[in-house]
Amino acid sequence: MRIIGIDPGIARTGWGIVDKEKNIIKAVAYGCFETSQKDSLEERLLALYEGMLSLMDKFSPEVVSVEELFFNTNAKTALIVGHARGVIMLAAAKKKLPIAVYTPLQVKIAVTGYGRAEKKQVGQMIKTLLKLSEVPKLDDTSDALAIGLTHAFTMKM
């Protein structure tokens, strides 16, 4: 099964493609979409939507795994990230792909075994579990791979 993990954001959206075949999970590709603060929100959302569709066309995932939003304080940030998440879900719906949603706590437990793991710990576990030569440079990318791995670990066969 091919899974695309997504860590939604407006400035940066991390993505990671993982394949699970029996008990073997491997990273296929990963990266990050970045949008410019100079562009309007509409332009940034359109770029994200088109980027997601292109990614889905290129890698043909069977499921989209997305992180649930979790914000304690800044409602404006939550709303804007919610727009990005909505665009990602729209792209998945356009491609008729099922969507799995995981909380940050579920992701951290699945990948590190500890719900309060730091970003650095998540990155190190991603490197180890996927046998990468190094931790992905951006936390958004590591998080996206972790979200994809969470689905690979927890999906129903």
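The values are calculated or read from the model by the stated rules, or taken from the named source; none is laboratory data. Worth saying up front: this structure is predicted, and the values here are computed from it rather than measured. Heads up, the Cβs are rebuilt from the backbone with ideal geometry, glycines too, and the neighbour counts pull from every protein chain shown.
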* Asked: For Glu68, which of the numbered conditions (1) modelled with pLDDT of 95 or more; (2) under 17 Å from the mean Cα position of the chain (by Cα) fails to hold?
  -> (1)
* Asked: Can you tell me how many residues in region 55-80 are farther than 15 Å from Gly148 by Cα and either buried (at least 19 other Cβ atoms within 10 Å of the Cβ) or hydroxyl-bearing (Ser, Thr, Tyr) (or both)?
  -> 2
* Asked: Looking at this structure, is Thr141 within 11 Å of the chain's Cα centre (by Cα) and either modelled with pLDDT of 95 or more or over 22 Å from Asn23 (Cα atoms) (or both)?
  -> yes
